[in-house]
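Below is one structure, written out as structure tokens; comments come after it.
The values are calculated or read from the model by the stated rules, or taken from the named source; none is laboratory data. What you see is a predicted model; the values in this text were computed from it and never measured. Methodologically, a virtual Cβ is constructed for each residue, glycine included, from the backbone with ideal geometry; neighbour enumeration extends over all protein chains shown. Note: accessible area is taken over every heavy atom of the protein model, side chains too, but ligands, DNA and RNA are not part of it. Shrake-Rupley method; radii C 1.70, N 1.55, O 1.52, S 1.80 Å.
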Amino acid sequence: MKNNAMAIGVRTRIIYGAMAIMTIIFSMGENTMAQTKSTAVVKNIVIVHGGLVDGSGWEAVYNLLKKDGYAVTIVQNPTISLADDVAFTKRAIAVQNGTVILVGHSYGGAVITEAGNDPKVAGLVYVAAFALDKGESVSALIKDPPPGAPVPPILPPVDGFLLLDKAKFPASFAGDVSPEKAEFMADSQVPWGVNAVGGTISEAAWKAKPSWYLLTTEDRMLPPDAQRLMSKRAGATVVEVKSSHAVYLSHPQAVALIIEEAARGALVAAKEGATSAAAD
């Protein structure tokens, strides 16, 4: 009887010990899966505004992303020259703790196309933006609009800078923004440097990095057809929104959603691309 009791006790300890080991193993597996899931999401978002405006209009998008746990930086690029704006953006990228999703609106798309070659950039998000190719500039793409396409009311340059006609600004740039807000935007325009508009791309980052494109179907600054052509050429994941050019103001949730989609998918897309390239 004593021997039987001892045998039962030994077996019991073995069983409980095995259960404890299995619990530890499962716990380690869950932690590893959680860590893998966490590290698959890019947490740093760097946003580059377009010409004629500054970064303050991105506050609603900023708040939505911050609420969801992202670290967000708004680059206040001066829009005097493309080279300077790229330098400003790369400085913002450099101080981030880890990889970055780079977001550009309008002319800001040209900036991220060049600055996105930085190795810390995991993915690009174009928001009604110029996804230029090597050797292209914003001025080259807008100088000969197709028949019937909306023409931005850009005034002749003064001292090397451009502005929009204030009276026509609301309808052209911010057609679905409140009249009061659109009027304020018209009266607070940031002069857009001719050197910025004419700056050319040395290497298009979208050729090596995954990209997403928020296409605005009611845009009267950058025609939707032009957006379709550029997004298709870049191989971007496209989301269409019925919006004016000022989509970051009128539809901040849609903008935040596509940025978060990029943050979740950029590293996975890059890994799949690398695997595919290795297989070829």
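The fraction of accessible area contributed by carbon and sulfur in the stretch 33-147 is 56 percent, rounded to a whole number (1.4 Å probe; ligands and nucleic acids excluded). Straight-line cross-link reach from residue 232 at under 28 Å between alpha-carbon atoms covers these lysines, not counting any fewer than eight positions away in the same chain: 43, 90, 120, 134, 143, 207, 209, 242, 271. For the stretch 228-245, 3J(HN,Hα) computed residue by residue from phi via the Karplus equation (6.51, -1.76, 1.60; θ = phi - 60°) reads 4, 4, 5, 5, 5, 4, 7, x, 7, 6, 10, 10, 9, 10, 6, 7, 7, 5 Hz, glycine and proline entered as x.
Charging the Cβ of each Asp and Glu at -1 and of each Lys and Arg at +1, and nothing else, the dipole of the stretch 132-174 about its Cα centre rounds to 120 debye. Annotation: amide H of residue 136 within the under-5 Å range of 201, sequence separation 5 or more or interchain, hydrogens built in the peptide plane. Phi-derived couplings, Karplus 6.51 cos²θ - 1.76 cosθ + 1.60 at θ = phi - 60°, listed residue by residue for the stretch 262-267: 5, 4, 7, x, 5, 5 Hz, with x used for Gly and Pro. 3J(HN,Hα) couplings calculated from phi for the stretch 52-65 with the Karplus curve 6.51 cos²θ - 1.76 cosθ + 1.60 (θ = phi - 60°) are, in sequence order, 6, 10, 10, x, 5, x, 8, 4, 5, 5, 3, 4, 5, 5 Hz; Gly and Pro show x.
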